[in-house]
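Undergrad: What follows is a structure written as structure tokens; I'll ask about it next.
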Amino acid sequence: MSDDALTPAAGGGLLHRRALLHRGLVLATALPAAASADEIRPEWMKTPGRPFTIYGQPSKHEQQVIRRISGNRMLPGNGVAMTPLEDLEGFITPSGLHFERHHNGVPEIDPARHGLLIHGKVKQPMQWSVDRLLRYPMASRLVFIECGGNSNAGWHPEPIQRGPGSFHGLISCSEWTGVPLSLLLDEAGADAGASWAIAEGADAFAMNVSVPLAKLRDDAIVALFQNGERLRPENGYPLRLVLPGWEGVLNVKWLRRLHLTSEPVMARNETAKYTELQADGRARQFSFVMEVKSLITSPSHGQRLKERGFHEIRGYAWSGRGKVRRVEVSADGGRSWAEAALQEPVLAKCMTRFRAAWRWDGSPAVLKSRAIDATGAVQPERAALVAQRGLNGYFHYNGIVAWAVDDEGAVTHVYA
């Protein structure tokens, strides 16, 4: 390994990102000289494997990789299921592990009886069956969807002791494919006075929220596919709204209609919820965009470093305003920072995987990451975020997360 790669890039043992190119030389295990490939052939190489299946499933050895559910005991269909971020790699979330937020369960919708209605301030109300929508030209969006309430335990006075997925797991990233909504709006012909649309879902809660018409014309799609296959029921089958970079509640599942209006409807999820009282007494409302954010998933709470030496710090970064431009990592609680390597592709409004090389010497450390997006926005320290917005809020927490590593390698969540 070159001397340049081993040169410290910041305090606490952080190395230049070039060191990642040589990790295999450090972590490979040497075999005894007498060993050969034939002598170590395992039993599964000696008998035929199982036959084909009509739909693939995870290995039985990976059954611990599951969503964490937090629900309402009195109403089992109300609650969340969180993506196990620390157990995943790359940046695409498997469809079966995409986070869920339901208000009244997952409806069993017959696609032959479902469709999309656009009405209200339009020249001609229009309705499309699912079969009709499947015949339209389609577009794909590789984007994240994040619940506005993700990471909300960061507002708590004391740091919550949970792993990344159980704390920050209301975010997932998929390839969504469907019909650009601008095509359907053009067919219906929005009136000059139309500036909002009320999106409504077909679940028993009849979720409805207000969306600016300009966003629907910009990059919104009516998604029919997720990660190459038809939407799953819990993710909105047979169709859902996808609004890249905007808070999850607006990405209405089981979409059934868009009512074009001149003003928002002031529904529950834009008044009583998703509106926050600030420290100065004013309230934040219609805070649609998910701000720049990052999170170290390894090492993180509940994990333990088993030995000193080289480790890869890895995590996710994202921004609802565009691409992640840079991620910096600290191993000394934020006193110094080193630039992390961003894994390609780096896409706008999409989760980005970052990695940093770290040589742990066995002494206590505090790990942090901060993301900077293409607009120049910098992920804030928790103290700065609290000073700006107070502690009365619940949504849109994007403060820097700190993990403390003790001298035995155990990792906990701290405010630092």
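The values are calculated or read from the model by the stated rules, or taken from the named source; none is laboratory data. None of these values were measured; they are calculated from a predicted model. When we count neighbours, we look across all protein chains shown, and the Cβ atoms used for this are built from the backbone with ideal geometry, even at glycine. Calculation scope for accessible area: heavy atoms of the full protein, side chains included, ligands and nucleic acids excluded. Shrake-Rupley method; radii C 1.70, N 1.55, O 1.52, S 1.80 Å.
Undergrad: Among A416, A383, A371, A402, which is the only one that is within 30 Å of R282 (Cα to Cα) and without any contact (Cβ under 8 Å) to a residue 40 or more places away in the chain?
TA: Working: A416 fails: without any contact (Cβ under 8 Å) to a residue 40 or more places away in the chain; A371 fails: without any contact (Cβ under 8 Å) to a residue 40 or more places away in the chain; A402 fails: without any contact (Cβ under 8 Å) to a residue 40 or more places away in the chain.
Answer to the check: A383.
Undergrad: Same structure again: Would you check if there is a residue in the range 125-136 being surrounded by 14 or more Cβ atoms within 10 Å (Cβ to Cβ), aromatic (F, W, Y), modelled with pLDDT of 95 or more and closer than 26 Å to S319 by Cβ?
TA: Taking every residue of the range 125-136 in turn, none turns out to be surrounded by 14 or more Cβ atoms within 10 Å (Cβ to Cβ), aromatic (F, W, Y), modelled with pLDDT of 95 or more and closer than 26 Å to S319 by Cβ.
Undergrad: Are there any pairs, at least 6 apart or on different chains, whose C-beta atoms fall under 8 Å, with the first in the range 185-211 and within 9 Å of K121 (Cβ to Cβ) and the second basic (K, R) and part of a loop (DSSP other than H, G, I, E, B), and if so, which?
TA: A190/K121; A190/K123; D191/K121; D191/K123; G193/K121; A194/K121
Undergrad: Restricting attention to the range 317-337, which residues are assigned to a strand (DSSP E or B) and open to solvent by 10 Å² or more (accessible area, probe 1.4 Å)? Step through it out loud before you land on a result.
TA: Filtering the range 317-337 down to residues assigned to a strand (DSSP E or B) leaves 317-318, 324-330, 332.
Result: R325, R326, E328, D332.
Undergrad: Among the residues of the range 36-92, count how many are surrounded by 10 or more Cβ atoms within 10 Å (Cβ to Cβ) and acidic (D, E).
TA: 4
Undergrad: Report the residue count in the range 383-410 for those that are on the phi < 0 side of the Ramachandran plot and open to solvent by less than 40 Å² (accessible area, probe 1.4 Å).
TA: Step one: of the range 383-410, the residues on the phi < 0 side of the Ramachandran plot are 383-389, 391-395, 397-408, 410.
Retained after the next criterion (residues that are open to solvent by less than 40 Å² (accessible area, probe 1.4 Å)): 385-386, 389, 393, 395, 397-405, 410.
Of the residues in that region, 15 qualify.
Undergrad: Just the residues that are open to solvent by 10 Å² or more (accessible area, probe 1.4 Å) and not in a loop (DSSP other than H, G, I, E, B), please, taken from the range 294-315.
TA: Passing the criteria: S298, R304, G309, F310, H311, E312, R314.
Undergrad: Within the range 274-293, is even one residue at pLDDT 95 or above, open to solvent by 40 Å² or more (accessible area, probe 1.4 Å) and closer than 30 Å to G90 by Cβ?
TA: Residues of the range 274-293 that are at pLDDT 95 or above, as a first pass: 288-293.
Narrowing the set further to residues that are open to solvent by 40 Å² or more (accessible area, probe 1.4 Å) leaves 291.
Within this subset, residues satisfying the condition of being closer than 30 Å to G90 by Cβ are 291.
Yes, the conditions are met somewhere in the range 274-293.
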